[in-house]
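Q: Got a structure for you, written out below as structure tokens; questions coming shortly.
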Amino acid sequence: MKILCITPISHIPGIEESLKLLGDLTILPDPRPEDIANLSKDFNIIFTNPNKSKIYIDKKLFEDWSDLSIVCTASTGTVHIDKEFLFSKNVKLISLTKEYDVLGSISSTAELAFTIMMASIRNIFPANQSVLNGEWDYEKFVGRQINKLNICIFGYGRLGKMYAKYSEAFGSNIYVYDPFKEIPEKFFKLNDIDSNLREMDVISIHMHVNKDTKNFFDKDFLNKLKDSVLIINTSRGELVDEVALVSFLKKNPKAKVATDVLSGEIFGFQKSPLFQFSKESDQVLITPHIGGMTIDAQEIAYSHAVKLLEDSLKVT
């Protein structure tokens, strides 16, 4: 089998060696579309991950790859893959989306969500920059106590539950919106997105993106929020209508966004309206999709993805 790895793996112990045991391995840790176009088209397997990737696996780049039989992504999300294209080519997709037992031990993304919430509430980064600029003045950086906040969590799956636990430990009032999950009685359940939103100090997004949730956080939703709200997104950029979000931020200078993801980032994060706005506003904190990028999480996720790939090859 010929395996093409299009994500960095050299820093993750054992992954390169494990993939080499499964086939003839070629590693392109950060390829551009033109790099893929110039490759031979006889690879059987693609091993990938959406973080940092510039490659969207679709008909445009991979139509002529007649030997391709498996795409394996070491991630729960699959926004970097055209699943209808894979289906049309009878190519198997392996992901971590439903590997719940393994995912339960990966807390990195929820930890990042809580970290960027705290950093934003306490104005850590602008305060630090102020000191570097030779200033010593707290007045511009007066923040909030977490135990005085109403935090609303959208999506009460694995990561939403972890984030709720962290926020609860700090004494916040926890509200949850998830029509598909049982919500503990100790938290306030939002039965619809019209109720209580104006009272929320923090909106934290922990949802999957699909045709029903794309641009879920749109102009109508944003107009229901308080003018000083903090929005946290460590899920997927496509959940948010960024044009509407930028408009909301401009109208509400006390509002903030802290995000680890951007809409369409795989096609060039520079094109994101939110990224463009961040260059002129201190209302936006952006990290480069580092949610799951701890060495601990990568070892767990990538090792399990390789195991799923190995198991699939045994079956075939």
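Q: Rank Ser120, Ser18 by accessible area, highest first, at a 1.4 Å probe radius?
A: Sorted descending by solvent-accessible area, the residues read Ser18, Ser120.
Q: Based on the Cβ-Cβ distance from Leu39 to Asn223, what FRET efficiency comes out when R0 is 35 Å, to the nearest 0.05?
A: Efficiency at R0 = 35 Å is approximately 0.15.
Q: Another question, then. Report the FRET efficiency, 1/(1 + (r/R0)^6), for Glu182 and Ser10, where r is their Cβ-Cβ distance and R0 is 45 Å, rounded to 0.05.
A: Efficiency, from the Cβ-Cβ distance: 0.60.
Q: If eta is 1.002 mPa s and T is 20 °C, what Stokes-Einstein diffusion coefficient results for the stretch 148-188, Kirkwood Rh from Cα pairs, in µm²/s?
A: Translational diffusion coefficient: 213 µm²/s.
Q: Only loop residues by DSSP count here, and only those with at most 10 other Cβ atoms within 10 Å; note down the chymotrypsin sites (Phe, Trp or Tyr not before Pro) in the stretch 157-205 that meet that.
A: Here the sparse-neighbourhood loop sites are Phe180.
Q: So how much slack lies between Asn210 and Ser281, counting 0.36 nm per residue of separation and subtracting their Cα-Cα distance, in nm?
A: Taking 0.36 nm per residue and subtracting the Cα distance, the gain is 22.6 nm.
Q: If you don't mind, there's one more thing I want to ask. Count the net charge of all other residues whose Cβ sits under 14 Å from the Cβ of Lys181, scoring Lys and Arg as +1 and Asp and Glu as -1.
A: Here the charged neighbours net out to 0.
Q: Points 7 angstrom from Cα along the Cβ direction at Lys83 and Phe267: gap in nanometres?
A: Placing both labels 7 Å beyond Cα along the Cβ direction yields 1.9 nm.
Q: Could I ask something else about it? Take the alpha carbon atoms of the stretch 241-316, find their radius of gyration, then divide it by 2.2 N^0.38 Å using N residues; give the quotient.
A: 1.59
Q: So, one more: With +1 assigned to the C-beta of every Lys and Arg and -1 to the C-beta of every Asp and Glu, and no other charges, what is the dipole magnitude of the chain about the Cα centre in debye, to the nearest 20?
A: The dipole of the chain has a size of about 540 debye.
Q: Report the full-extension gain for the segment Glu139 to Lys251: residue separation times 0.36 nm, less the Cα-Cα distance, to one decimal in nm.
A: 38.0 nm
Q: Can I ask one more? With contacts defined as alpha carbon pairs under 8 Å and 6 or more residues apart, what's the relative contact order of the stretch 137-219 in percent?
A: After rounding, I find 35 percent.
Q: Using only Cα atoms and rounding to the nearest 10 degrees, what angle (0 to 90) does helix 242-251 make with the longest principal axis of the chain?
A: That helix lies at roughly 20 degrees to the long axis.
Q: In a shell of Cβ-Cβ distance under 10 Å around Ser228, excluding Ser228 itself, what net charge do Lys and Arg (+1) and Asp and Glu (-1) give?
A: Surrounding charge for Ser228 is +2.
Q: Then there's this: Leaving out ligands and nucleic acids, note down the accessible area per residue over the stretch 235-297 with a 1.4 angstrom probe, in whole Å².
A: Result: 46 Å² of accessible area for each residue.
Q: Taking the dipole about the Cα centre of the stretch 157-292, with the C-beta of Lys and Arg at +1 and of Asp and Glu at -1, give me whichever of Val246, Phe216, Val284 is farthest to the positive side.
A: Most positive-ward Cα: Val284.
Q: Next up: Can you tell me the 0 to 90 degree angle between the C-alpha axis of helix 158-169 and the longest principal axis of the chain, rounded to 10?
A: 30 degrees
Q: Sticking with this one: DSSP loop GluC sites (Glu not before Pro) in the stretch 179-265 with at most 13 other Cβ atoms within 10 Å of their Cβ, which ones?
A: Glu182, Glu185
Q: Could you state the accessible area per residue of the stretch 80-146 in Å², with a 1.4 Å probe and every protein chain left in place?
A: Dividing the accessible area of the stretch 80-146 by its residue count gives 65 Å².
Q: How large is the helix-only mean residue ellipticity at 222 nm for the chain, computed as the sum of -39500 (n - 2.57) over DSSP H runs with n ≥ 4, divided by its residue count, in deg cm²/dmol to the nearest 500?
A: Calculated mean residue ellipticity at 222 nm is -9000 deg cm²/dmol.
Q: Out of Phe43, Ala169, Ser195, whose Cα points farthest toward the positive end of the dipole of the chain (charges: +1 Lys, Arg; -1 Asp, Glu; placed on Cβ)?
A: Ser195
Q: To continue, here is another question. Whole number please: convex hull volume per residue, Cα atoms of the stretch 1-61, in Å³.
A: Looking at the stretch 1-61, the number lands at 76 Å³ per residue.
Q: Can you give the angle from 0 to 90° between the axis of helix 108-121 and the longest principal axis of the chain, with both taken from C-alpha atoms, to the nearest 10?
A: 30 degrees
Q: State the percent of C-alpha pairs, over all pairs in the chain, separated by a distance greater than 30 angstrom.
A: 39 percent
Q: With all protein chains present, how much of the accessible area of the chain (probe radius 1.4 Å) comes from carbon and sulfur, to the nearest whole percent?
A: 51 percent
The values are calculated or read from the model by the stated rules, or taken from the named source; none is laboratory data. Please read these numbers as outputs of a predicted model, since none were measured by experiment. Please note: Cβ atoms are built from the backbone with ideal geometry, for glycine as well, and neighbour counts cover all protein chains shown. Accessible surface areas use protein heavy atoms only, side chains included; no ligands, DNA or RNA. Shrake-Rupley method; radii C 1.70, N 1.55, O 1.52, S 1.80 Å.
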